[in-house]
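Since the structure comes first, as structure tokens, the remarks are kept for the end.
Nothing in this text is a laboratory measurement; each read-out follows from the coordinates by a stated rule. On a predicted model such as this, the values are computed, not experimentally measured, just so you know. For neighbour counting, all protein chains shown are included, and Cβ atoms are generated from backbone atoms with ideal geometry for every residue, glycine included.
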Amino acid sequence: MIKAIFSITPDHQTVAFKLTGHANAGDYGHDIVCAAVSVLSISTVNGLTKVVHDHPEVERDAADGGYLLVTHIDPGHDAQILMNTFLNAMEDIQEQYPNFVRIKLNEVHAGGEQL
């Protein structure tokens with residue numbers, strides 16, 4: 001199962017997110033849940049860095065996959081549009097495939113990034 005944790009401030013700004021695990025919804029190379037989450041997360045990080053010119057900290061397990069940690073996300077308007085879009089898409093995937101994706105929202109104080 002893919003577990004997604006989003007750190008969200010009381011004023012609804014996403015300041016960090018973490019993805020762990022594997023969907024195991026299909027054979028390697030044919031797992032549409034994993035593919036969807038991977039594309040969304042990579043696209044979001046690329047959008048933050050290349051479009052918004054934000055510089056979040058990114059940790060990932062390049063060898064095994066199944067781990068992505070993105071912190072220090074800009075609370076500004078453009079970055080938050082990307083983050084809201086990412087979260088909405090992840091919620092749609094969770095709704096369609098509840099046995100393979102689980103989302104948790106952690107409320108943090110402004111500046112906090114507790115995951």
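Could you say whether any residue in the range 20-42 is in contact with a Ser or Thr (Cβ under 6 Å, 6 or more places away or on another chain) and among the aromatic types (Phe, Trp, Tyr)? Lay out the reasoning, then the answer.
Keep residues of the range 20-42 that are in contact with a Ser or Thr (Cβ under 6 Å, 6 or more places away or on another chain), which gives none.
No, the conditions are met nowhere in the range 20-42.
So, in the range 12-58, exactly how many residues are charged (D, E, K, R) and either surrounded by 14 or more Cβ atoms within 10 Å (Cβ to Cβ) or under 17 Å from Asp92 (Cα atoms) (or both)?
In the first step, residues of the range 12-58 are kept if they are charged (D, E, K, R); the result is 18, 27, 31, 50, 54, 57.
Then drop every residue that is not either surrounded by 14 or more Cβ atoms within 10 Å (Cβ to Cβ) or under 17 Å from Asp92 (Cα atoms) (or both), which leaves 18, 31, 54.
Of the residues in the range 12-58, 3 are charged (D, E, K, R) and either surrounded by 14 or more Cβ atoms within 10 Å (Cβ to Cβ) or under 17 Å from Asp92 (Cα atoms) (or both).
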